[in-house]
Amino acid sequence: MTGILLVQLGTPDAPTKAALKPYLRQFLSDPRVIEVPKLIWWPILHGIILRTRPAASAEKYARIWDAKTGSPLMHYTKRQTELLQAHFPDTPVRFGMMIGNPSVEKVVTEMIAAGFDRLIVLPMFPQYSATTFASATDALFKTLLKVRRVPAVRIVPPYYVHPAYLNAVAAVIQDDLAKLAWQPDHLVVSFHGIPQSYSKRGDPYATQVVRTTRALLPRLGLPRDKWTQTYQSRFGKEPWLKPYTDDVLTALAKRGVKRVAVTLPGFTADCLETIDEIGRESREVFEHAGGEHLHNIPCLNDHPKWIEAMAAIVRDEGHGWVK
Ligand SMILES: C=CC1=C(C)c2cc3[nH]c(cc4nc(cc5[nH]c(cc1n2)c(C)c5CCC(=O)O)C(CCC(=O)O)=C4C)c(C)c3C=C
Ligand SMILES: [Fe+2]
Ligand SMILES: [Fe+2]
């Protein structure tokens, strides 16, 4: 029996300091995410970061937490799973989280026990970075190391220039801007960053980000001086990929640009980094520098074009395994 498994990053169980501590501990103990040697990193993580960040991050999560549906990342991952299932009536679709619950380990172990002997694994990261994509496959392989009956596995390759993905991103942007009472003077295309040193050591993320942007922009028909591609969510002191989103927003506002829209094609679902970081923190940065309106375009979420795209991407890799 074939199964489809979506692998998403994961989110804390609750927007509280108590729930953030194990979430951040797991996230920031991953050597794919933090490449600092353990002997140096461990005292910093346990002595400083895990004493201060859980409370600060819990406050941010509390702002984006929905009373009914909880974490947006969890909500949209569930929706994507349900909606993708409708495209594959004969192939069960599940999701697992790299950090927190439901863990990849739990879901894959249950799938194997239920008799799945073929898995199509879709990492929910269009651009490959070792910090995300390889961390997702690590979670899978660590689980498979422990089981007796290892299924046949196909891992969907990065889909950063897959036409269905690009068309879905363009459709989300166009549908959303059509609802606005005003039109932006400038489009900021913002991606989560990684440290520059990771790129220098061979992580292909930045190249794939640029290729996504180059393939996306012709679909939107914007002239070259009306958009800028940026990187957000810097963590720690070392330089990350540039230009930083907040620096570009400041420069645009100082240049007299009053209205911007921000699109986030590297995130397949809205989350802390899109709703609170861009929608609140970066908006404040832009307004403080003299800008008037920052519009945060939603992520791919449960847009029908994205669900169709996920189905097309899975079908490409599932040849002979799915109908
Ligand atoms: C989409 C791609 C992502 C990359 C690349 C990425 C790299 C990366 N992230 C951190 C540190 C943190 N990220 C946090 C949240 C977070 N990151 C992504 C995606 C990517 N990260 C998402 C979707 C989310 C949101 C999850 C949610 O629940 O909404 C956090 C936790 C929140 C916080 O305390 O700020 C941290 C920490 C590093 C260090 C890194 C690459 C080295
Ligand atoms: Fe992150
Ligand atoms: Fe962040």
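The values are calculated or read from the model by the stated rules, or taken from the named source; none is laboratory data. Please read all numbers here as calculations on a predicted model, not as lab measurements. Don't worry about glycine lacking a Cβ; one is built from the backbone with ideal geometry, like all the others, and counts go over all protein chains shown.
Taking the criterion of being within 16 Å of ligand 3 (Cβ to nearest atom) and farther than 16 Å from T263 by Cβ, would at least one residue in segment 199-207 satisfy it?
Scanning segment 199-207 turns up no residue that is within 16 Å of ligand 3 (Cβ to nearest atom) and farther than 16 Å from T263 by Cβ.
Tell me whether segment 11-29 contains one or more residues that are within 16 Å of ligand 2 (Cβ to nearest atom), closer than 18 Å to T268 by Cα, at pLDDT 95 or above and surrounded by 15 or more Cβ atoms within 10 Å (Cβ to Cβ).
Yes, the conditions are met somewhere in segment 11-29.
Go through A139, A178 for me and flag whichever is more than 19 Å from Q26 (Cα to Cα) and of a type in the set (G, A, S).
A178
Taking the condition of being in a strand (DSSP E or B) and surrounded by fewer than 19 Cβ atoms within 10 Å (Cβ to Cβ), how many residues in segment 228-243 meet it?
0
Any residue in segment 217-238 that's on the phi > 0 side of the Ramachandran plot: show its pairings with residues that are part of a loop (DSSP other than H, G, I, E, B) and within 16 Å of ligand 1 (Cβ to nearest atom) at Cβ separation under 6 Å, as long as the two are six or more apart or on different chains.
Correct list of pairs: S233/G193.
Of all residues in segment 69-101, count the ones that are in a loop (DSSP other than H, G, I, E, B) and over 17 Å from the mean Cα position of the chain (by Cα).
Total satisfying the criteria: 6.
Are any of the residues in segment 16-31 in contact with a His (Cβ under 9 Å, 6 or more places away or on another chain) and in a helix (DSSP H, G or I)? Steps first, answer last, please.
Kept after step one, since they are in contact with a His (Cβ under 9 Å, 6 or more places away or on another chain), are these residues of segment 16-31: 25.
Filter once more, keeping what is in a helix (DSSP H, G or I): 25.
Yes.
What single numbered condition from (1) away from ligand 2 (no atom under 16 Å from the Cβ); (2) of a type in the set (A, V, I, L, M); (3) within 19 Å of the chain's Cα centre (by Cα); (4) under 27 Å from A251 (Cβ atoms) fails to hold for A164?
Every condition holds for A164 apart from (4).
Identify, from the list S199, S135, S233, the residue that is touching a His at 6+ places or on another chain (Cβ under 9 Å) and either within 16 Å of ligand 2 (Cβ to nearest atom) or among the charged types (D, E, K, R) (or both).
S233
Quick check on segment 103-132: of everything there that is aromatic (F, W, Y) and within 17 Å of the chain's Cα centre (by Cα), which residue is nearest to ligand 1 (Cβ to nearest atom)?
Our first condition is that a residue be aromatic (F, W, Y); within segment 103-132, this holds for 116, 125, 128.
This time we only want the ones that are within 17 Å of the chain's Cα centre (by Cα), so: 125, 128.
On the way: F125: 6, Y128: 9 Å.
Looking at residues that are aromatic (F, W, Y) and within 17 Å of the chain's Cα centre (by Cα), I get F125.
Checking the conditions here, which among K305, K254, K323, K258 is at pLDDT below 95 and not acidic (D, E)?
K323
List pairs: first in segment 267-291 and more than 25 Å from W306 (Cα to Cα), second among the hydroxyl-bearing types (S, T, Y) and more than 16 Å from ligand 3 (Cβ to nearest atom), Cβ under 8 Å, 6+ apart or cross-chain?
Pairs that qualify, where the first residue is more than 25 Å from W306 (Cα to Cα) and the partner is among the hydroxyl-bearing types (S, T, Y) and more than 16 Å from ligand 3 (Cβ to nearest atom), are V285/T250; F286/T250; A289/T250.
Scan segment 132-152 for residues that are in contact with a Lys or Arg (Cβ under 8 Å, 6 or more places away or on another chain) and of a type in the set (A, V, I, L, M, F, W, C) and jot them down.
A134, A152
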